[in-house]
Amino acid sequence: MLEVRQLTKRFGGVAAVSNVSFELKAGEIVGLIGPNGAGKTTLINVITGVHRASEGKVLFDGRNVTAQQPWQAARSGLARTFQIVQPFPGMTVLENVVAGALFAGRAASRAEADRAAMEHLEFVGLAHEAERPAASLTLPSRKRLELAKSLAMKPRLLMLDEVNAGLNTGEIDRALELMRAIAARGVTIVIVEHLMKVVFSLCQRVLVLHHGELIAQGEPRAVAKDEKVIEAYLGHKFAAKLKTMDGAAALAERAQEPVQGQTLGQAQGNAHG
Amino acid sequence: MLTLQILANGLVLGGLYACIAAGFSLVWGVLNVINMLHGSLIIFAGYLTYFAWANVQIHPLVSLLAVTGLMFLFGYVLQYLLINRVVKRPVLTTLTLTFGLDMMLYNFMNVVFEATPRRVTLNWGSVSLGDIVLPMDRLVAMALAFTLTGVLYAVMRASKAGRAIVAVRMDSDAAALMGIRIPRVYAMTFGIGAGMAGACGVLFAVAFPVTTNVSGLLLGKAFVVCVIGGLGSVPGALLGGLALGLIESFGGHWFGPQNAITLGFVLMLLLLMVRPTGLLGIKGYE
Amino acid sequence: MNKSIAAFIVVAAGIALTPWVADNYYVKLATFVAMYGALALSWNFIGGYTGYPSFATAAFIGLGSYAGALFQNAGVPLILAWLLAGVVTAAFAAVLGFAILRVKGHYFAVGSISVVEVLRLIASSWSGLTGGGDGLNVKILQGGADYAGRVFLFAMLAVMIATFAVTVWVERSRFGFGLKAIKQNEDAANMVGVNVSAYKIGAFTLSAVFCGITGAVYASWIAYIAPVDAFSILTTLKVPVMALLGGEGTIFGPVLGALVFVILEESIWARFLEANQAILGLTIVVLIFFLPGGLLRIDYRRIGRRLGMGRSGATGGAGGTAGTAGTSATSATSTGGTGGTGSNKDGRDA
């Protein structure tokens, strides 16, 4: 469905994304992980047309969409959410979702868009807030609004950029259920995440980015044991230590437990410190 | 040689343009406010200079300091009382507000001073450097304009107030967290802008006739220089001013004097499309 | 929204009836109301709905004036000349918009003002075509002053009605929704599938076409145009002020603003000829400070309560007529307005 070939994006002299190649098949749930600053959001930005690729190609259903505008990506079935949510602040919650339905979602009329929007709001559990100004929502609700908006766009491929940042454990569990339900509807999902719990329980495949390069891809457990991945997250010294201790397997298991909200990124920080 | 003369003319104009734009650019870059009053402030100072010279025989170069100080105060108070309240609002609001204030000042000047051109005649004659002939008054105005721009640059770099202004320009939230009082900085910036306009007005009066008819023209120059040179930076205003001066001088020679001004505007429009941050690449607010 | 349409019909009917209830002075005044109404509604497309502060109105008016005058002098029938002027202006706006809509906010504002200046300078120097600074004379309409007065009254009224009709369409359509989305968050609009470039250029072109036709009608009416009047910086500022006065981003606001502005100008400012520019300036200052959302967004109920008049009052309807899909979002009143907008508080600029 989506094919990325040797994609590179440079800002000035720095390559934020470097020679990344991978394929996505319809119906997959793929995790995109990597330490902070690895280039995950930039990769999504280039795929959806927010930034223009410096080199390489993006093919969606076989068509070359490398130079597309974000709205073109949206209309062809490529939706994404933002790490920092981007609502239409002056509009109501309903109108925000209608925006998704009316344009990328190709609703035939405003009435149809309204109906579709309400359905999606019910799906994410925000139907009771439909008439409130979007700016007045709490953060978890805003994330759900963002999700509803992207669903209204009738995506075939949905890229979720850290939808769970800032949520507590209970909210994360609910979000997980939502995402499984979305996948059950046939939407291919790419999820950028720091929480290993989410990645391990949801994703069939994982792509690991580090300094803009794709250093590993495969099943979650296999990736977790991959030397390069461990080194990327924990640093050279600790990784070397770990090799001798055979702690890699232990680490992979430990990564599945939520340590009171601590993410792998924070564990990385602790390891360095 | 004719080219040298045109070059010299361009540089003379350019120095004045740089000075005119420096204050305007500062206000735009720091406060995010387009000060439509700027041209009228220059002319107002010009009138003050003229009447001081005509009625009380005060030499313009002597009144330079007093007029600048007076205008600084005027700007400071104006900002603190009025403009501060709308600083956070979108450009439509702030531009319309300053335009409205400008209309009041313009009308006031027309009624009190009358639009007939007032000329401070100093009879300094001309200066010849090889083939180049330059009127002395314009040369002096240019020299002072450059000096003034340099002084502003030094003030911005070296003084506490200047550093605070630069900090606010870069990141007003961070500056506030550092304990900088934003409203004071804004008022100071606007005051400096008005003060610079005042100084420019004195210099303008030395070299050109003073009349309300040209206040819009001067404002237009300030716009163009800001887009060419970049916002909120004195080197940018200098670069932009010199560039505009040269463009107008050469353009006027090749295409005719009235088309010189058009050329400046067209260049600005082209730049807006291609590189709105100006030649020095300094980002203004959107 | 129906209240707005009803209010508009009242104003339009009032204008239409003027020749039979008042003398030529009032007919002329009504013609100006219609003209400025059309201009303010035009500006509303790009400035109100899309949020791009355009000061290019005078550029379009001037261009339309000259185009209309030249077509008319070349023998083209009157109404066709006006319509062609509109086409020319629209084409110009589309090309210009492609270039200038790449930048936002301040840069866009400054760029749009410069276009007015550039066109004025070109009109002044291209004497072969435009008569230069001396201006252009246009054939005067035959039939006497009363007849002419009525012709131009109805011509301007027709333009205003057409502009209003398009405004209503925009308000209800997918296109209008897209414009509002662009105003709120252009990047997000792009992300949900709005072709932002095309939409912006579309709004800009719409904002130009009726200005062009108005300019052409004006040129025929006054029978003379010159660069300084055709490309007037004062006009290019007055028009957005009228829209702001009534309420930008609404369908009736610009018309209301034009009406109030023209009445104010005639009754107050013309009396103080010497100071009229200063008074206009003062009015603008007062408007900015006390009427940030325009007349239509004032919470009349709240004022009524404060003045002890009890619930609502005759003007209570005005609070709900805004009919916008959310340009003023902050703290909607708890009664929840029609269509989920409840825009009763005087809106703060987004």
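Any read-out appearing in this document is the output of simple, stated calculations on the displayed coordinates, not a laboratory observation. The shown structure was predicted, so the numbers you read here are calculated from the model rather than taken from an experiment. A quick note on method: Cβ atoms are made from the backbone with ideal geometry, for glycine too, and the neighbour counts reach across all protein chains shown.
Computed values, structure above
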quantity: Placed amide H near B:Val210: partners under 5 Å, 5+ positions off or other chain; calculated: B:Arg118, B:Arg119, B:Val120
quantity: Loop sites in the range B:153-216: trypsin sites (Lys or Arg not before Pro), DSSP, at most 13 other Cβ within 10 Å; calculated: B:Arg181
quantity: Tail fraction, Cα-Cα pairs, chain C, threshold 40 Å, whole percent; calculated: 11
quantity: The range A:149-230: equivalent-ellipsoid semi-axes (sqrt of 5 x gyration tensor eigenvalues, Cα, Å); calculated: 23, 15, 12
quantity: Shielding of C:183-189 by partner chains, average beta-carbon count, 10 Å; calculated: 6
quantity: Calculated FRET efficiency for the pair C:Gln142/A:Asn168, C-beta based, R₀ 60 Å, to 0.05; calculated: 0.15
quantity: Using distinct alpha-carbon pairs, which all enter the 1/r mean, Kirkwood radius of the range B:11-95 in Å; calculated: 14.4
quantity: Under-5 Å amide H pairs with A:Val17, H placed in peptide plane, nonlocal only; calculated: A:Lys9
quantity: Packing-based order for A:11-21, B:228-238, using average beta carbon neighbours within 10 Å, highest first; calculated: B:228-238, A:11-21
quantity: Value of [θ]222 nm, deg cm²/dmol, for chain A, DSSP H segments ≥ 4, -39500 (n - 2.57) each, nearest 500; calculated: -12500 deg cm²/dmol
quantity: Per-residue [θ]222 nm for chain B (sum of -39500 (n - 2.57) over DSSP H runs n ≥ 4, rounded to 500); calculated: -26000 deg cm²/dmol
quantity: Check: the range C:143-254 dipole with +1 on Lys, Arg Cβ and -1 on Asp, Glu Cβ, in debye; calculated: 200
quantity: Cross-link reach list, aspartates and glutamates versus C:Lys28, counting only Cα pairs under 13 Å and skipping chain neighbours closer than eight places; calculated: C:Asp146, C:Glu266
quantity: Selection from B:Gly198, B:Thr212, B:Gly162, by position along the positive dipole direction of the range B:123-222 (Cβ); calculated: B:Gly162
quantity: C:Glu248, A:Glu129, B:Glu114, A:Glu119 arranged by Cβ crowding within 10 Å, fewest neighbours leading; calculated: B:Glu114, A:Glu119, A:Glu129, C:Glu248
quantity: Evaluated over the protein assembly as shown, the Cα radius of gyration and Dmax, each in Å; calculated: 31.0, 105
quantity: Low-density loop positions, trypsin sites (Lys or Arg not before Pro), the range A:23-99 - DSSP coil, at most 13 other Cβ in 10 Å; calculated: A:Lys25, A:Arg52
quantity: Per residue, the convex hull volume that the Cα atoms of the range A:44-119 enclose (Å³); calculated: 105
quantity: Beta bridges by DSSP in the protein assembly as shown, antiparallel share as percent, to the nearest 5; calculated: 65
quantity: For the range B:127-286, Kirkwood radius (reciprocal of mean inverse C-alpha pair distance, Å); calculated: 17.4
quantity: The range B:1-143: equivalent-ellipsoid semi-axes (sqrt of 5 x gyration tensor eigenvalues, Cα, Å); calculated: 32, 20, 13
quantity: A:Thr92 long-range amide H proximity, modeled H, under 5 Å; calculated: A:Ala134
quantity: Long-range Cα-Cα pairs in the range C:132-270 (distance over 27 Å), rounded percent; calculated: 34
quantity: FRET E, pair C:Ile79, B:Val111, Förster distance 45 Å, beta-carbon r, rounded to 0.05; calculated: 0.55
quantity: Bins of 5 Å from zero: percent of alpha-carbon pairs in chain B; calculated: 1, 6, 12, 17, 19, 17, 13, 8, 4, 2, 0, 0
quantity: Separation of the B:Arg119 and B:Asp171 label points, Cα + 7 Å toward Cβ, nm; calculated: 5.4
quantity: Ellipticity estimate at 222 nm from DSSP helix runs (n ≥ 4, -39,500 (n - 2.57)) divided over chain C, nearest 500; calculated: -22000 deg cm²/dmol
quantity: Over 23 Å (Cα to Cα) - which of A:Lys149/C:Lys180; A:Lys143/A:Lys197; A:Lys25/A:Lys228; A:Lys40/C:Lys200; C:Lys3/C:Lys180 fall in this group; calculated: A:Lys25/A:Lys228; A:Lys40/C:Lys200
quantity: Estimated vicinal HN-Hα couplings, Hz - the range C:243-259 in sequence order (Karplus 6.51, -1.76, 1.60; Gly, Pro = x); calculated: 5, 5, 4, x, x, 6, x, 10, 8, 9, x, x, 5, 4, x, 4, 4
quantity: Neighbour cut-off at most 13 other Cβ (10 Å), DSSP loop, trypsin sites (Lys or Arg not before Pro), the range A:179-223; calculated: A:Arg185
quantity: Label-point separation, A:Ala108 to A:His236 (7 Å along Cα→Cβ), nm; calculated: 6.4
quantity: Distance histogram for the range C:1-70 (every C-alpha pair counted, 10 angstrom bins, percent rounded to whole numbers); calculated: 17, 35, 35, 13, 0
quantity: Potential extension, C:Ala198-C:Trp169 segment - 0.36 nm per residue separation minus Cα distance; calculated: 8.7 nm
quantity: Fluctuation leader among C:Phe55, C:Phe261, C:Phe92 - chain C, Gaussian network, Cα springs under 10 angstrom; calculated: C:Phe92
quantity: Cα centroid of the range C:35-68 to Cα centroid of the range C:129-174, whole Å; calculated: 13
quantity: Test item: A:84-96 mean partner chain Cβ contacts at 10 Å; calculated: 6
quantity: Among C:Thr235, C:Thr214, C:Thr89, residue whose mean-square fluctuation peaks in a GNM of chain C (springs only between Cα atoms under 10 Å); calculated: C:Thr235
quantity: Helix axis angle, C:196-222 relative to chain C longest principal axis, alpha carbon, degrees; calculated: 50
quantity: Cβ-Cβ FRET estimate between C:Trp20 and B:Val151, R0 fixed at 45 Å, reported to 0.05; calculated: 0.05
quantity: Shielding score for C:117-126, defined as the mean number of other chain Cβ atoms within 10 Å; calculated: 4
quantity: Residue among C:Ser124, C:Ser65, C:Ser112 with the largest mean-square fluctuation in a Gaussian network model of chain C, springs linking Cα atoms under 10 Å; calculated: C:Ser124
